[in-house]
Amino acid sequence: MKIKFFPFFLIIIFLMIFFIFYKGLQNSNIYTPTIQDEKSIPNFKAKVFETGKIINSTQIFEEEKFYLFNIWASWCLPCRDEHSYLVELSNKKNLKIIGLNYKDDIKKAKNFLKELNNPYNTIITDKNGTIAVEWGAYGVPETFLIYNRKIVKKIIGPLNQSSFLEIEGLVK
Amino acid sequence: MKILKFLIVFVFFYSLIFSNANSSSQNEITKNLRCLICQGQSVYDSDSEFANSLKIVVKQKLDEGLTEKQIYNFLEDRYGKWILYDPKFDKNTYFLWLLPILLFLIGGAIIFKLFIIKKN
């Protein structure tokens, strides 16, 4: 019996393509970068918000301690929404909050903190957004939980009740 | 004096050529980077905050002496493969790269069978 190879082969190819596109339809079209577990924090130099002094990242992040690294700006509306969570987290004794003031006007940033309270132990500035790129961030707000100079958790967008509880649970 | 003049002219043109080379490779690299917060735009085309920061970072890295490949690796490490328009040839992209060749071969085989074998 002569096997009709070509029609059979074409059907297989079309089925394969159909299957790939069908699977693709089920994927989310919102891109979230894959975060490698326990990725080390980048090394960088930055200006301290209050004093203007240049500081190295190794001077900010000590080993065996929890840090919350929060990227914020006074012009960013979602930053206002999450600020109350940061203020609440600043009461935790075993957690230090480091702020990265992103592409902001110092005067406006100071007013923002005056109005909503300052939860940060240290604030550094990122005038041109390059430090945020070193962290793999692509906007404000973004928050990283760090332990032992490694990123434990990354939260893209403003903190909410569930991420707040998650951080609280991890820091305990 | 002549040597001094020559040196000044040489340094001037050298820096001009060098800065032009750097800015053209900066454009080349940013054209191959996807703006992650924009819709269908490269970093080169976009004027978003994210894209502007990336342009500065690429320039800084070029000035530091990093190669194009090292810059792509640096960004891929932070943002994943999605940031590159030109995906690398690895186990996740075999199908993507080989499918056009496969389809071309199948098409060629069909044409060969239909027209050449039948003619004979």
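The values are calculated or read from the model by the stated rules, or taken from the named source; none is laboratory data. Bear in mind that the values here come from a model prediction, so they are computed numbers and not experimental data. With ideal geometry, Cβ positions are generated from the backbone for all residues, glycine too; neighbour counts draw on all protein chains shown.
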Legend entry - In the stretch A:124-150, the residues that are within 14 Å of chain B (Cβ to nearest Cβ), crowded, with 21+ Cβ neighbours inside 10 Å and not in a loop (DSSP other than H, G, I, E, B): A:Asp126, A:Ile131, A:Ala132, A:Val133, A:Glu142, A:Phe144
Inset, instruction - Looking only at the stretch B:33-60, count how many residues are of a type in the set (A, V, I, L, M, F, W, C) and over 17 Å from B:Arg78 (Cβ atoms). - result: 1
Inset, instruction - Would you check if B:Ile106 is surrounded by 11 or more Cβ atoms within 10 Å (Cβ to Cβ), hydrophobic (A, V, I, L, M, F, W, C) and at the interface with chain A (Cβ under 9 Å from one of its Cβ atoms)? - result: yes
Inset, instruction - Could you list all residues from the stretch B:44-75 that are within 12 Å of chain A (Cβ to nearest Cβ) and under 11 Å from the mean Cα position of the chain (by Cα)? - result: B:Ile71
Legend entry - Check on B:Asp90, more than 13 Å from every other protein chain (Cβ to nearest Cβ) and surrounded by fewer than 16 Cβ atoms within 10 Å (Cβ to Cβ): yes
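Rundown of residues vs (1) basic (Lys, Arg); (2) in contact with a His (Cβ under 8 Å, 6 or more places away or on another chain); (3) modelled with pLDDT of 90 or more, yes/no style:
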site	(1), (2), (3)
B:Leu16	no, no, no
B:Lys31	yes, no, yes
B:Ile37	no, no, no
B:Ser48	no, no, yes
B:Lys55	yes, no, yes
B:Tyr85	no, no, no
B:Ile110	no, no, no
